[in-house]
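Note sheet for the following structure.
Nothing in this text is a laboratory measurement; each read-out follows from the coordinates by a stated rule. Only a predicted model underlies this, so the values are computations on that prediction, with no experimental measurement involved. Here the Cβ is made from the backbone with ideal geometry for all residues, glycine too, and neighbour counts use every protein chain on show.
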Amino acid sequence: MAKQLYGIQGASAFWKRQTPVMRGIVLMCLSTVAFSIMHGLVRFVAEVLPPFQIAFFRNIFGLAFLFPLLMQSRFAILRTKRLGLHALRGVINMAAMLMFFTALSISPIAKVTALSFTAPIFMAILAVLMLGERFRIYRWVAILSGFVGMLIILRPGLAVIDTGALLVTMSAALWAVAMIIIKILSRTESSLTIVAYMGIFLGGFSIAPALWVWQPFGLETLGWMVLIGLFGSIAQMAISQSLKETDPTAVMPFDFLKLIWTAMIGAWFFAEIPDIYTWIGATVIFLSGFFIALRERSAKGWRISGPS
């Protein structure tokens with residue numbers, strides 16, 4: 001026991017000796033691995049259960065992993081004067097998640113990941129329209145570049161645009177709306193309060209869609225869904241702490257690792273090989289989003305995680 005304690009203390013001391021940038025990078029890389037595993041598990045479980053039901057259990061188990069934090073604060077982090085705005089964010093986030101999980105169940109997971117990178121592009125547009133942020137030419141050049149990347153992946157007129165691609169694009173747009181609401185909430189609410197209400201409302205709002213398509217399942221499937229909730233929670237906590245450790249522009253380039261991991265998972269487990277257009281389009285979209293974040297580095301409340 002003493003050796004174990006010494007080992008834990010040594011690891012903690014080693015972690016604290018690292019620079020904030022290094023800690024942020026490690027945590028961002030961890031989040032990309034956790035998100036990718038979760039997406040692969042969603043795709044796997046979707047072979048036996050509807051995506052809406054999977055989303056419900058992802059939210060319920062995610063809330064279960066969050067519950068000790070609520071208990072530790074004696075539910076003080078739930079104090080808010082903006083319950084309605086939290087609820088609105090929950091509804092929008094729920095719709096984005098249902099679309100995203102459905103897209104994962106019917107489209108190659110690397111393609112879904114690539115198109116999910118459009119969320120910061122949509123957010124840049126909404127920041128001008130909804131928050132009254134100033135028109136900046138570099139922002140619109142980056143936005144246009146991002147949509148060019150999306151067209152490279154979708155190739156309308158040259159290839160059939162599948163339902164999954166449309167769903168993940170709409171999911172990214174809705175997630176951008178949710179990010180705008182997060183940005184507004186962050187002016188008066190702590191990040192813990194925002195995360196807590198996200199878990200509560202997502203868990204509550206996902207019950208009805210799940211019951212609508214409910215299918216019986218066994219203990220093995222339940223175990224897989226526990227893992228979905230676990231890896232989803234790890235990913236969200238890792239990315240939140242990463243953004244707390246250092247500037248988003250220092251860690252955002254590593255978010256692109258999600259495409260590499262999901263491409264590997266898709267190839268190994270589902271025989272899905274991303275075409276060259278997915279890689280080129282994803283690179284263009286990602287660089288456009290990164291350029292916007294780089295120029296907006298002084299802005300607060302940005303999040304680069306997806307609706308999962």
Computed on Cα atoms, the radius of gyration and Dmax of region 24-295 in angstrom are 18.1, 57
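So, counting K/R as plus one and D/E as minus one, what does the shell of residues with Cβ under 12 Å around Leu49 add up to? Could you put the intermediate results ahead of the total?
Details: positive: Arg43, Arg58; negative: Glu47, Glu220.
Here the charged neighbours net out to 0.
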The chain: Lys pairs at Cα distance under 22 angstrom, eight or more positions apart or on different chains: 9
Pick out which of Lys244, Lys81, Lys111 has the largest mean-square fluctuation in a Gaussian network model of the chain, springs linking Cα atoms closer than 10 Å. Lys81
Quick one: putting +1 on the C-beta of Lys and Arg, -1 on the C-beta of Asp and Glu, what dipole do you get for region 24-295 around its Cα centre, in Debye to the nearest 20? 920 debye
Residue order, fewest to most beta carbons within 10 Å, for Val226, Val148: Val148, Val226
Charge tally in the Cβ shell below 12 Å around Leu202, where Lys, Arg are +1 and Asp, Glu are -1, Leu202 excluded: +2
GNM of the chain, Cα pairs under 10 angstrom: of Ala46, Ala13, Ala293, the biggest fluctuation goes to Ala13
If I require 30 Å or longer along the helix axis, counting alpha carbons, and a Kyte-Doolittle average no lower than 1.0, what helices from the chain are left? Use full DSSP H segments. 20-45, 51-72, 83-106, 163-185
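Out of region 121-220, which chymotrypsin sites (Phe, Trp or Tyr not before Pro) are coil in DSSP terms and have no more than 14 other C-beta atoms within 10 Å?
Values: sites: Phe122, Phe135, Tyr138, Trp140, Phe147, Trp175, Tyr197, Phe201, Phe205, Trp212, Trp214, Phe217; in loops: Phe135, Trp214, Phe217.
Qualifying residues, ordered by number: Phe135, Trp214.
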Proxy reagent accessibility, fewest Cβ within 10 Å first, across Val128, Val177: Val128, Val177
Take Phe270, Phe35 and order them by how many other Cβ atoms sit within 10 Å, fewest up front. Phe270, Phe35
With a 10 Å cut-off between alpha carbons and a GNM built on the chain, which of Ser73, Ser191, Ser107 moves the most? Ser73
